[in-house]
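Asker: Please find one structure pasted underneath; my questions will follow.
What follows is calculated from the coordinates using simple rules that are stated; it is not laboratory data. All values reported here derive from a predicted model rather than from experimental measurement. Cβ sites come from the backbone with ideal geometry, for glycine too, and all protein chains shown count toward neighbours.
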Amino acid sequence: RPGEKDGAVSFWYYNKTSLLAVDAANDPRAYMIGKRLIEAKKSPAPQVIEDSKTDLKALLKP
């Protein structure tokens, strides 16, 4: 997933529909949001994450 800044990118890893991990290069915001989603046992659909228009922070809301 491309980040908000030039050169920022994150990779979101799934096992079927379960979010397993997030790697990020120059995108600490995506990394922290991914970490918090995993800790909360939330797993947004891969299609939602793929969409660069998705507000990742909104995914943390209950």
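Asker: Which angle from 0 to 90°, rounded to the nearest 10, does the C-alpha axis of helix 28-39 make with the longest principal axis of the chain?
Answerer: Roughly 10 degrees, rounded to the nearest 10.
Asker: Can you give me the relative contact order of the chain as a percent, contacts being Cα pairs under 8 Å and 6 or more apart?
Answerer: Here the relative contact order equals 29 percent.
Asker: Taking the chain, which trypsin sites (Lys or Arg not before Pro) meet the DSSP loop condition and have no more than 11 other C-beta atoms within 10 Å?
Answerer: Sparse-neighbourhood loop trypsin sites (Lys or Arg not before Pro): Lys5, Lys16, Lys41, Lys53.
Asker: At q = 0.19 Å⁻¹, work out log10 I(q)/I(0) for the chain with the Debye formula, treating every Cα as an identical point scatterer and leaving solvent out; two decimals please.
Answerer: Ignoring solvent entirely, the Cα scatterers give -0.62.
Asker: In addition: Rank the residues Asp27, Asp6, Asp51 as a footprinting-exposure proxy: fewest other Cβ atoms within 10 Å of their Cβ go first.
Answerer: Asp6, Asp51, Asp27
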